Amino acid sequence: MRTLMIITCPTPQRAPTLDALHQQGVDFEVLYLHAAAHAHKWGTISLNHPHRVIESRSKAFRYTTGAVLRGEVRTVVAFGYREAGQVGALLAARLRRCRVVTRSDANIDAFAEEAAWRRLSRRLAMQALLPATTVVWSIGSKNEQYWRQQRGLQRFVRIPYEVPRLPAGSPPQDRSSAPQELLRVLYVGRLVGSKRVEDVIAALHSAEFTGVDWTFNIVGDGPHRPILEARAGGDPRIRFVGASLYDDLADHYRSADVLVLPSSHEAWGLTVNEALGFGVRVIASNAVGAAHDPFEDRDRFELL
């Protein structure tokens, strides 16, 4: 194989792109370090490209190191650099002077208040594993700032996150209607403190809507749910849906007017892409990576 990609696990967003590359004759293999699609409720993901799954850290390390050292690989593409399989490939690539490409969803804003010792340890690890000639397949401007500041990399090919396959498979042909006096608000994601969903609840409770009522559907689960339920105070307009299978998200997007993503830090925010794909307007905080790069549907996007 000419190119070895080391990716954490399959996703319904990435698989179609890799399938298309294989169909176009690109010579590559993907090593997945975890077959964890079920943990994300993505359902069955069809993988029609050369791949293997090695969940054992030691076996993954031996496989990637051996493949590179034997000269079977010319380019290493590491989606991250911390897993054993990625470390093995990157160390071997430095010895063999192979081309190295990296991709991550790191957002520079997430590290603004990081302790100095953690920042230093990360930079030392990057210097050991990623040569200065590393090419970054970046997801956006905030991601590029991260790589410039943390490792001093300068070679970027911007490939923003996208959703080639929307939930339920294809772009919607219709949207459910609602009375004009009803605003349907939606959140999709994990319920953790950094998502700041409580800010949306507070805003809805405090806002003065003249002649307009609202509903707020919260799709997802997590340790912050009891706190959010307490903040909701039993308001029947606020509905906790719980975690949802990926394809079932289509119904939630079709029946929403606006998606909110008020995170205090968010590397990108794929729900932004999904919502826009369903014709849903988006309100996002300025800590969301996707909020800083242009979309074709920018008229449907509001930055807080």
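The values are calculated or read from the model by the stated rules, or taken from the named source; none is laboratory data. Note that the structure is a prediction, hence the values are computed from the model and not measured. Quick reminder, even Gly has a Cβ in these numbers, built from the backbone with ideal geometry, and neighbours come from all protein chains shown. Remember, those area values only see protein heavy atoms, side chains included, never the ligands or the DNA or RNA. Shrake-Rupley method; radii C 1.70, N 1.55, O 1.52, S 1.80 Å.
General observations
- Residues being open to solvent by 60 Å² or more (accessible area, probe 1.4 Å) and either over 23 Å from the mean Cα position of the chain (by Cα) or hydroxyl-bearing (Ser, Thr, Tyr) (or both) - total across the range 208-225: 5
- Within the range 175-202, the set of residues being free of Cβ contacts under 8 Å to residues at least 40 places away in the same chain, within 15 Å of ALA230 (Cα to Cα) and touching a strand residue (DSSP E or B) at 6+ places or on another chain (Cβ under 9 Å) comprises LEU191, ILE201.
- Test: residue in the range 179-193 that is surrounded by 13 or more Cβ atoms within 10 Å (Cβ to Cβ) and of a type in the set (S, T, N, Q): no
Residues checked against (1) part of a helix (DSSP H, G or I); (2) open to solvent by less than 40 Å² (accessible area, probe 1.4 Å); (3) farther than 30 Å from ILE108 by Cα:
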residue: VAL200; (1), (2), (3): yes, yes, no
residue: HIS205; (1), (2), (3): yes, no, yes
residue: ALA256; (1), (2), (3): no, yes, yes
residue: LEU276; (1), (2), (3): yes, yes, no
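- Conditions (1) within 23 Å of the chain's Cα centre (by Cα); (2) not in a loop (DSSP other than H, G, I, E, B); number of the one not met by ILE45: (2)
- Those residues of the range 63-81 which are among the aliphatic types (A, V, I, L, M) and open to solvent by 20 Å² or more (accessible area, probe 1.4 Å), in sequence order: LEU69
- Residue ID - most open to solvent (accessible area, probe 1.4 Å), chosen from residues in the range 82-139 that are among the aromatic types (Phe, Trp, Tyr) and not in a strand (DSSP E or B): TRP117
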